[in-house]
Amino acid sequence: QQGKNTVYYSTMRVSSSSVVLLSLLSTVSAANNEKKKPLSKICTLDDPRLLNPWAVLPDEHRRREQEQQQTPVSSSSSRFRGSNNNNDNGRKDLDASQRRQLQDFEEEEVEALFSSEKQLESWDVIIVGAGPGGIAAAKTILDNNLGASVLMLERGPPLSEYIAKGYDDALMSGAATADPQFREDVEGTPIVVGTGVGGGTLHFGMQFIDQDGVADASARQGATANVKEEVAMFAEMTGATSYTDEDYFTISDIVGKTYLDLMDEINGTLSSEGIDLYRNKVYKTGTDINDQPRLLLGQLLENYANLEIRTGVTVTKVITKESIGPNTNFNAVRIERDGGDSDILYGSHIVLAAGALNSARLALNDGIATPTGTTEEDATPYIGPVWDHQGLVLTYFAPGTTFVSSDNATSGSDISPEYSTDLGLQVFADIEEVFPETDGFVALLSLPALTSQEDVDILKAGETWAGADPVGDGDAPMLSYVFDLGDFFTTSAGGHPGGDITSVVVENGYELGFVLDTLAPETHKSNKLGRVMRAGGRLIGIVGGSSTNSTTSIEFDYSTVDVAGESILGHLQTRPDHHRWQYYYTTAGESNMLITVSTTGELIEDDGRVYAGRALGPDTVDLPTLQQAGFEAIMEGIMKNHEVLTNLGYFTQVDVEAITDIETLVNTPGYLPTTYHYHGTLSATRLAPGFYAGDLSRMTFKWAGSTSVAAAAMGIQAGKEVLCQLSRNGCRLSSNTAVSFQRGGK
C-alpha cells in the first residue's frame, strides 16, 4: 500500500496455463475511494495530447496475451518475465538493421543481448533519467498500477549525498547551485545540465511556476499544448508553497513594507499595460518562515516496493526489440556504471527522461527517432528544433546603497615566507607585474592564507577544486591570490555563460571576488574558488607588493529597505498578456540587492539542433541564436520593470538605455545566451514502439516560462501513455491523435 487514497490492482500470471488472477492489494474507506481518480479514466484516452501511435488496441492486446501465455515465468519475482526465444542463447543471424544498431558492441555483449537467460530479469518500465520528468512519470505509473515494476537509471549521485551537504534547506540554494557534483557544465558551450535524483531542480532558480497564465499561453498554440491538467497534478504531488504577507512581516516590519511597496508599484505602474504580477510558489515545503525545507522531488518516490533506483549509471545505448529479434517482448538499454563495467537491461517500455538534449541524442544515435534532416556539408544527421530562452541579468541596488573605496598599503615583506616562497608562490608587487607572465585574463581572489602545499599544487596545476572556499584558522591573513583564467571570461561562446565580464572585473581593480559578491547572482557567491577552477583557473602567485591596492565595500542603511535575501527566496515575476517576455525578481542573500532577469518567453528562436554524437558538446548541439524579435522582447521587459524599480529609488550600474541593438546586448555583462530551458527536441519526429519521451523533449509547442514544472507535466503525460499499454483494456486513441501525430507527435 503506497497511499491512503489508492486502490491497487495487479494482474499476475501464475502458471503457464495462463490463469490470470486479479488481486486486490489494498483497500481503503469509501470516502477515500471517492477522491481517487480511477485507473480506467486515465487509461481510456480520447486525448490528442498523448501522441504515442502504438497504443495497444484490444485486438492487439489479446494477441499479445496469447503469445505471453506460452511464456515460461519465474515465480520468484513479479519482475521476472520469460523470453519465448528458443534459439541457442536466443541468438540469431543479424540482419542489416541489427548490425547497424549493434555495430559498437563487443561480441560478448551481443551474446548477452540475445541470451534467453539474461532476458529472464526484466522490468515493465525502464526510465532513463531521474529529473522532474522521469520522477513524475514514475510516480504516475506507480500510483495507478502497483503491479508495474519500474527501474529508474540516473548517472548522478543519490539524493542522500545532496541531503548530507545540507542542501535540503531551501535557503542553501546558492551553495547547491554552485556545487559541481550536481551539475554538468558542458565544456566548450554555455550548456549546463543537472545530475542526481532531481535533475535540474537540484541546482536551478527556486521559483515553482504553475500559474494558469503560463499554461494558457502555451495552450493558445493548439490542443496538444494544453497541459493545465498535468501541471495541476504535479502541484498536488509536490505540495510546493508560496510566501505570504504574514511571512514578510514575521521577519520584520521593514521587510513587509519593502515587499508590499514593490508589489504596489508593479501593479500601479504595469497593470494598466496588460502586465501581470505573479507571486510564484517556490521549491520549498511547509509554511513556517523560520523552517524552509527544500522541495526534493526524489522524496516523492520513497517507499514504492516495485521501484528500483540505480544511481551512478550512464545509459550509453537504447536498443529496440526489433534489433534483438522477432521472438522477444523486450526493448533494452546498455549501461555503464561509475566503476567502468557495463551491462544490458531489459524493459517492455522505456521512457527517455534524460533531459531534452540527452534524450534527443540517445534517440538519434540509436535509431529510436527519425532524423529531421542532415547537414549540407557532410550529411551529419540532426534532430530538432532546440527551443530555449535568452536574457539579461541586471543587479539593482536599493536606495541608500553607497560604494566606499579604501586604500590598503601592503608591503611585500608583510607576507610571511610560509605563505609564499615556502610554498613555491611568487609574490608580485602589483597586478601590472603579473601581465607578462600570461597571455590569459588575470583576476584576483582574496582568500585566507593557504598553508597546505598540496592545496597550492592543486591550484597551480589548474585541477578541480572540490571543497569549499578556505576559511583559515583565524590567525592567517587575507591575501590577494592571482589566477590566470585564460579567456574564460572574454566570450559567451565556449566561455563564461554570462558573456564578457572582463570590463567589470577590470573596473573593480581585477577583484573577481568582489564582483561575484556584489554584482553577480546569488549562485555565484558560494564556492568562489571552485568556480574559478572550473573556469580553467590556474594559480600564479600573490599580489602584495609595495604599491597601494584599492578595495571597495558596500555600505547600506537596513532601516529603510530590506528584501531579506537571507530568508526569502526570489518568487516575484512580471509577465505581459502576450507572454513574449518574462521578468524575474530574486534575491542574492543580501538585503539591499535585487537580482533581476529579463528573458524571452513564448517568442523563442527555433534554429537549434542536436547532432549525432556520443556526448554533449560544441559539435553535437547548436543552441538557438538571438534574433531581432527576441531582442525586442528582452528589452521591453527590461524597460518596463526598470521604470518600476527606479520609481522606488533602486539603481543599476548598467546603462540600460544604451542597449540599442543585439550586438550591444550580447556584449553587456550578464547576457545569457541560454537560460537552460531546452525543450522541443523530439517535437518533429517519432519514437520506435515501446519508447516514450518523458521530459521536455516531447513538447510540441513553445513553453512560455521556466521549465521544471513543464518537464514534470511531460513526464505525467508519458506515464499516462505507459499506463495505457499496461492496462488490460488497452487504450484506443482518437482520430485527432493520429492527425496530431502526423504533424509531429511521438
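Observations
- Options Ile634, Ile638: the member that is at pLDDT 95 or above, over 22 Å from Arg220 (Cβ atoms), assigned to a helix (DSSP H, G or I) and of a type in the set (Val, Ile, Thr): Ile638
- Any hit, segment 157-167, residues being open to solvent by less than 10 Å² (accessible area, probe 1.4 Å), closer than 23 Å to Asn358 by Cα and either in contact (Cβ under 8 Å) with a residue 40 or more places away in the chain or within 19 Å of the chain's Cα centre (by Cα) (or both): yes
- Yes/no for Glu437 being surrounded by fewer than 17 Cβ atoms within 10 Å (Cβ to Cβ) and either free of Cβ contacts under 8 Å to residues at least 40 places away in the same chain or in contact with a Gly (Cβ under 7 Å, 6 or more places away or on another chain) (or both): no
- Check on Arg334, open to solvent by 20 Å² or more (accessible area, probe 1.4 Å), touching a Ser or Thr at 6+ places or on another chain (Cβ under 6 Å) and either closer than 30 Å to Tyr585 by Cβ or of a type in the set (D, E, K, R) (or both): yes
- Filter result for Arg334 (within 25 Å of Pro618 (Cβ to Cβ), in contact with a strand residue (DSSP E or B) (Cβ under 8 Å, 6 or more places away or on another chain) and basic (Lys, Arg)): no
- With respect to the conditions (1) in contact with a Phe, Trp or Tyr (Cβ under 8 Å, 6 or more places away or on another chain); (2) crowded, with 21+ Cβ neighbours inside 10 Å; (3) farther than 17 Å from Pro624 by Cα, Ile659 lacks only one, and its number is (1).
- The set of residues in segment 608-624 being at pLDDT 85 or above and either more than 30 Å from Asn365 (Cα to Cα) or part of a loop (DSSP other than H, G, I, E, B) (or both) consists of Ala612, Gly613, Ala615, Leu616, Gly617, Pro618, Asp619, Thr620, Leu623, Pro624.
Residue-by-condition table, conditions (1) touching a Lys or Arg at 6+ places or on another chain (Cβ under 6 Å); (2) part of a strand (DSSP E or B); (3) closer than 13 Å to Ala217 by Cα; (4) modelled with pLDDT of 90 or more:
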position: Leu569; (1), (2), (3), (4): no, no, no, yes
position: Gln573; (1), (2), (3), (4): no, yes, no, yes
position: Leu594; (1), (2), (3), (4): no, yes, no, yes
position: Leu603; (1), (2), (3), (4): yes, no, yes, no
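- Strands (runs of 3 or more DSSP E) contained entirely in segment 414-497, each with at least 1 residues that are modelled with pLDDT of 80 or more and under 31 Å from the mean Cα position of the chain (by Cα): 442-448, 478-484
- Candidates are the residues of segment 560-590 that are farther than 17 Å from Asn280 by Cα and open to solvent by 10 Å² or more (accessible area, probe 1.4 Å); the one that is farthest from the chain's Cα centre (by Cα) is Thr560.
- In the set Val666, Val644, Val722, only one residue is of a type in the set (A, V, I, L, M, F, W, C) and over 27 Å from the mean Cα position of the chain (by Cα); that residue is Val644.
- Pick from segment 177-188, criterion open to solvent by less than 20 Å² (accessible area, probe 1.4 Å) and over 18 Å from Arg155 (Cβ atoms), ranking: nearest to the chain's Cα centre (by Cα): Thr177
- Residue tally, condition modelled with pLDDT of 95 or more and either of a type in the set (Gly, Ala, Ser) or more than 23 Å from Ser727 (Cβ to Cβ) (or both), over segment 128-148: 9
- Summed over segment 499-517, residues that are modelled with pLDDT under 75, crowded, with 21+ Cβ neighbours inside 10 Å and not aliphatic (A, V, I, L, M) total 1.
- Inside segment 280-311, residues that are surrounded by 15 or more Cβ atoms within 10 Å (Cβ to Cβ) and over 30 Å from Val128 (Cβ atoms) make up a count of 2.
- Against the conditions (1) aliphatic (A, V, I, L, M); (2) without any contact (Cβ under 8 Å) to a residue 24 or more places away in the chain; (3) touching a helix residue (DSSP H, G or I) at 6+ places or on another chain (Cβ under 6 Å), Ala658 satisfies every one except (3).
- Those strands (runs of 3 or more DSSP E) of segment 298-354 in which at least 2 residues are touching a helix residue (DSSP H, G or I) at 6+ places or on another chain (Cβ under 6 Å), considering only elements entirely within it, cover 342-352.
The values are calculated or read from the model by the stated rules, or taken from the named source; none is laboratory data. Values in this document were obtained by computation on a predicted structure and should not be read as measured data. No Cβ is skipped: glycine too gets one built from the backbone with ideal geometry, and neighbour counts run over all protein chains shown. When the accessible area is computed, the model is the full protein with side chains, heavy atoms only, and any ligands, DNA or RNA have been set aside. Shrake-Rupley method; radii C 1.70, N 1.55, O 1.52, S 1.80 Å.
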